[in-house]
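We did not get these values from a lab; they are worked out from the coordinates using the rules stated. Because the structure is predicted, anything quoted here is derived from the model rather than measured. Cβ: placed from backbone, ideal geometry, glycine included. Neighbour counts: every protein chain shown.
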Amino acid sequence: MGKKRTRDVDADVAMADDDVPIQQKKNNDGGDSSGSDEDMDIVNVDFELFNYDPAIDFHGVKTLLRQLLDADATLFDLSALSDLIVEQNTIGSTCKVDDKANDAYAFLTVLNVQEHAEKPAVKKLAEYLAERARKSQDEKLAEIVPGLLTGEGKKQQVGLVLAERLLNMPAEVIPPMWSCMIDEIEAAVEDKEPYEFTHYLVLSRTYLEVESTLDQAERKNKRSKATGELQYFHPEDEEMRKWATAAGSFEYTREGEAAVADSKRAFQEMGLKPVGFMMLIEANKFQKAVKAIGEYVATGGMSMEVS
């Protein structure tokens with residue numbers, strides 16, 4: 001796929017060379033079914049990347065921010081953060097289907113923490129991430145991130161990467177968004193804009209499987225237990241963390257384990273406990289990390305199946 005666009009605000013490009021196949025099962029008469037693979041058709045969907053448009057994208061970005069921050073979303077001024085993102089319209093992308101006027105299915109951006117340090121919404125988020133990092137089990141994350149975010153390392157410039165997508169979005173749409181952002185950051189630096197980062201802090205979500213508290217009497221003789229192993233909502237995070245100086249998960253402050261296990265049990269013995277996740281990547285490794293996730297997704301067979 002070529003470059004998404006120039007730095008002109010109204011330009012956009014369809015992902016025509018990289019159509020993402022979404023497999024949909026159908027009956028021979030065209031109706032939906034959960035039938036055999038022989039009845040499967042391929043539906044090609046053209047996802048398009050767009051610059052942010054403040055008149056269109058505010059609500060879509062705010063919804064995805066709420067999903068990204070999960071149980072702790074109510075701690076933040078999501079409206080102010082959404083305004084900042086959509087007004088910074090030459091950096092990052094929204095991903096949509098059919099038309100620019102539709103809500104975003106995915107978004108990606110990077111904010112300069114130092115540049116926006118005095119803005120209450122960014123300051124609050126930076127303080128929150130610093131505190132979560134201090135309590136992380138990853139020693140490097142606890143040691144390095146708080147100083148970078150709270151101004152102790154004044155010579156450092158931290159790019160806070162915010163990215164989220166709807167849960168049923170195919171992973172193949174993501175690498176072009178990251179590649180385009182790399183190009184846009186390079187162009188912004190050439191234009192003397194404040195995007196010459198020393199570090200990138202990528203905020204994401206992961207989850208743990210935990211034993212539900214429901215039906216204990218019914219299941220008391222069963223031995224299903226939580227594995228405790230970290231699972232990824234975004235498969236590319238597992239590859240990107242290989243390039244991180246520090247990476248780790250953190251618990252949300254607004255949700256207890258039992259409540260999450262039951263509310264997100266999803267018809268299975270084990271419940272899901274979402275936890276936050278952050279990765280600190282040095283700027284000189286960031287482009288390599290983006291290239292690596294592109295290769296990972298391309299070779300991972302991650303087409304999305306819906307029924």
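Do any of LYS96/LYS285; LYS242/LYS285; LYS62/LYS192; LYS124/LYS242 go past 18 Å between their Cα atoms, and which?
From LYS96/LYS285; LYS242/LYS285; LYS62/LYS192; LYS124/LYS242, over 18 Å: LYS96/LYS285; LYS62/LYS192; LYS124/LYS242.
Hey, quick one: spin label on THR198, modelled 7 Å out along Cα-Cβ, who in the range 113-143 has an amide N within reach, i.e. under 13 Å?
What the label zone holds, given the 13 Å backbone N cut-off, is 114.
Between ALA187 and GLN231, with labels modelled 7 Å along Cα→Cβ, what's the label distance in nm to one decimal, could you check?
Once both label points are built, they end up 4.0 nm from each other.
Please report the orientation-averaged projected area of the range 102-191, defined via the convex hull of its C-alpha atoms, in nm².
8.0 nm²
Please give, to one decimal in nm, the separation of the simple spin-label points placed at LYS285 and LYS100, each 7 Å out from Cα toward the Cβ.
Going by the 7 Å Cα→Cβ label model, 3.8 nm.
Place a +1 charge on the Cβ of each Lys and Arg in the range 167-208 and a -1 charge on the Cβ of each Asp and Glu, then give the dipole magnitude about the Cα centre in debye, rounded to the nearest 20.
Here the size comes out at about 380 debye.
For a footprinting-style exposure proxy, rank GLU131, GLU87 by other Cβ within 10 Å, fewest first.
The fewest-first ordering by Cβ neighbours comes to GLU87, GLU131.
Which of the peptides 183-191, 61-69, 88-96 is most tightly packed, and how do the rest follow, judged by the mean count of other Cβ atoms within 10 Å per residue?
The densest-packed peptide leads the list: 88-96, 61-69, 183-191.
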